[in-house]
Structure formats: C-alpha cells, structure tokens
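The values are calculated or read from the model by the stated rules, or taken from the named source; none is laboratory data. Being a predicted model, the structure only gives us computed values, none of them experimental. FYI the Cβ positions are ideal-geometry reconstructions off the backbone, even for glycines, and counts take in every protein chain you see. Ligands, DNA and RNA are stripped out before the accessible areas are found, and what is left, the full protein with its side chains, is counted by its heavy atoms. Shrake-Rupley method; radii C 1.70, N 1.55, O 1.52, S 1.80 Å.
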Amino acid sequence: MRAIRVASAALLGIGALALSAPAAVASGGGNITPFGFSVMPSTIAAGGQVTLQLDRDSGGCTGSATVSSGVFDTITIPGNRSSATAVVDWDAKPGAVYKVTFSCNGVSGSTELTIATGRTTPTNPTPYPYPDRGVHAGEGGSVAGFDLKEIGLGAALIVGSVGAAYHFSRRRTGEDGA
C-alpha cells in the first residue's frame with residue numbers, strides 16, 4: 001500500500017514539473033536568426049505576387065540577402081533595401097505549403113507560404129508607408145513578457161504541489177489497520 005502512495009506522489013510531482021515547462025523549451029528550439037523576416041501575404045493564389053520583408057533594424061543582416069523557394073525564382077534583396085517582390089509560379093499546386101528560405105551573412109531561416117485554391121491575375125501591391133523598413137519580429141513572448149511575479153507564483157505552486165504530495169505520501173493514517 002505504501003509503494004502505491006509513493007509512486008503516485010512521484011508521478012504527481014513529475015507531471016507538475018513537466019507541465020510547467022515553457023513553450024519555447026518544449027518546442028525544441030525553432031527558427032532563430034539574428035534578423036527578422038516574413039512573407040506577405042502568407043497565403044496566396046498561384047500567379048499572385050508576394051512581398052518578401054527583411055528586418056535590417058536589428059543589425060543581423062548587413063549585406064545582400066537571398067530568398068529562395070520552390071514556388072518562385074530566387075530573389076536577391078540588396079544591402080540597402082528591406083523588401084522585394086516575387087511572383088508565384090502559375091503551376092503551383094493549390095493547397096500546397098512551400099518553404100521560403102531567407103539567407104544572409106551565412107545564416108538561414110525559413111517560413112511557409114501556402115497556395116490558396118483558385119488563380120489570380122497579377123496585380124501591383126499597395127506600397128508600404130516605410131518601404132526600407134521591415135517588420136520587427138522575434139520578441140513576441142521571449143523576453144518582452146518576463147514577469148518575475150508570475151514566475152515566482154508558478155514556482156510556488158509547483159513547490160506546493162510537490163510538498164503536498166510528499167506530505168500525503170508520508171502521512172500515516174489509522175484507516176489501513178497498521
């Protein structure tokens with residue numbers, strides 16, 4: 001009977017620790033580059049035009065960058081620009097997801113481009129108000145949302161659940177006749 005209590009307390013403690021792991025650690029890393037990048041729009045019909053954005057504000061990409069994919073020709077973004085456009089191939093398969101790879105200064109990162117169903121006629125995209133500035137990406141939940149009060153409260157809950165499990169597993173009751 002005692003082994004069951006100890007095993008359940010150990011499993012409860014391990015479960016609490018496993019469920020409290022941050023999402024970044026649980027996902028196993030990701031697509032980390034010293035520069036931000038994006039493809040807009042992320043879903044486009046075959047024959048459409050996409051804008052390839054590169055964030056040069058962080059200083060991670062100082063020279064020219066190349067953007068390649070199986071759905072459009074390789075594009076070079078010069079060192080003095082932050083964006084370029086590419087025309088999606090007309091024979092792109094509707095519903096398919098293509099990998100778009102940004103390479104700069106020997107570092108590569110990738111994102112996905114989804115091909116929508118249907119076809120569009122080529123159009124000129126609306127210019128952005130700041131054409132030489134890319135999106136500011138990469139700080140979403142990493143450091144910007146660090147709150148010591150929430151971290152302390154989470155640690156206290158974990159320690160409390162492990163302590164309660166240990167206490168109840170060690171407590172002797174008169175119910176089992178021992």
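Annotations for the structure displayed:
- Asp73, Asp55, reordered so the largest accessible area comes first (probe 1.4 Å): Asp73, Asp55
- Compared with the direct C-alpha span, the chain from Lys93 to Glu112 gains 5.4 nm at full extension, assuming 0.36 nm per residue.
- Thr74-Glu150 FRET efficiency (beta carbon distance; Förster radius 45 Å; 0.05 resolution): 0.50
- Long-range amide H partners of Ser64 with built H, under 5 Å: Gly79
- Residue by residue, the stretch 37-50 carries 3J(HN,Hα) couplings of 7, 7, 10, 10, x, 7, 10, 9, 7, 4, x, x, 10, 10 Hz when phi is fed to the Karplus relation 6.51 cos²θ - 1.76 cosθ + 1.60 (θ = phi - 60°); x denotes Gly or Pro.
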